[in-house]
1. Measuring from label point to label point, each 7 Å out along Cα→Cβ, what is the L176 to T286 span in nm?
2. Remind me, relative contact order of region 169-304 in percent, using alpha carbon pairs under 8 angstrom and six or more residues apart?
3. Starting at the first residue of region 240-254, write each ³J(HN,Hα) from the Karplus equation 6.51 cos²θ - 1.76 cosθ + 1.60 with θ = phi - 60°, in whole Hz, x for Gly and Pro.
4. Cut-off 10 angstrom, C-alpha nodes, Gaussian network model of the chain. Which of G194, G231, G67 fluctuates the most?
5. What residues qualify as long-range amide H neighbours of M234, i.e. H under 5 Å apart, gap of 5 or more or another chain, H built at 1.01 Å from N?
6. For the chain, what does the relative contact order come out to in percent, with C-alpha contacts under 8 Å and a separation of six or more?
7. Taking every alpha carbon pair in region 4-164, what does the distance histogram look like in 5 angstrom bins from 0, in percent?
8. Just for the chain, what percent of DSSP beta bridges are antiparallel, to the closest 5?
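Throughout, read-outs are computed from the coordinates displayed, never taken from laboratory work. Model, not experiment: these values are computed from the prediction. Here the Cβ positions follow ideal geometry from the backbone for every residue, glycine too, while neighbour counts run over all protein chains shown.
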Amino acid sequence: MNLFLAGLDHTTAPVEIREQLAFSQTDLPSALMQLTSSETGTPPLFAEAVILSTCNRVELYGVPNPGTTAQHVVDFLATFHQRPAASFVHTLYFYQGEAVARHLCATAAGLRSLVLGEAQIQGQVRNAYEAAQRIGSVGSILHRLFQIALVAGKRVRHETTIGKGAASVSQAGVELARRRLGDLRGREVLLIGGGEVSELAAQNLIANGADRLTIVNRTSARAAALAERYGAEMLDFGALPQALARADIVISSTAAPVPIIYQHHVAEAIAHKQRARACGECEPPTMLLIDLAVPRDIAADVAQIPGV
């Protein structure tokens, strides 16, 4: 079975490395063409290729051409992302042959997810396959591999109890908020982003009693649609500082290539809350920030602010 896999995930690489090697939707066509096309003047590494890039993993599945080695793939990642190979090579894993099929089946079933049994990964595997298919980098071998993996993932969910716990990182984030803060009723919750992760978070927030929900997104139409579906308030992205100033819980999951919330944003929001209390010597107000994005939406040094 002529299959090859190079990848990293939450078990091998910290978020700092995962976000550096992530492939955005705009990256995928170029990356897949470079892997499978000879237009660059050099023989392609793969006859077929699929890239699975999610919050918790970056994986390259391929049918290697003769002479392709793991080092060639490391060099591709370093060149494409303009990162020194030494900064990430120690986090990579490599599989060949049947081990690739076993790994993909386990991944599609949610067995290798941060949240065991999460349902979202099944759709992410399908989307990665379909994106590669549209670009033209899928042939008969990867077509068969991904069909088998998707069927295996579906069977695991239907025939076992693996999905009885938290089924997504969104649900896990909401459960974390409930454990930290207790009853979510009356809490000001700010959702940043308008994609699937934000929608799942909205569903879980409402199911857990949240009744004061605000949605902010760069695309106003998407935020407005989510707000209407879930009875939330919608604010333009430019109003993010004001939204932060009243939030008790912030859940962010955009596709921004750089952080959108920096230390000064949160420090100003906390200071505003303190002033609103009219109690200069009181304990700092608390704010729970949950970052579900890769690359990160929230700068790492935000965690140093008292009350966060």
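1. Calculated label separation equals 1.5 nm.
2. Details: 234 pairs, mean separation 33.5, N = 136.
Answer for region 169-304 is 25 percent.
3. 4, x, 5, 5, 4, 5, 10, 7, 8, 10, 10, 10, 10, 8, 8
4. The residue with the greatest mean-square fluctuation here is G67.
5. Close amide H contacts, sequence-distant or interchain: I215.
6. 15 percent
7. So the P(r) values, bin by bin, are 1, 9, 19, 22, 22, 15, 7, 3, 1, 0, 0.
8. Beta bridges within the chain, antiparallel portion: roughly 50 percent.
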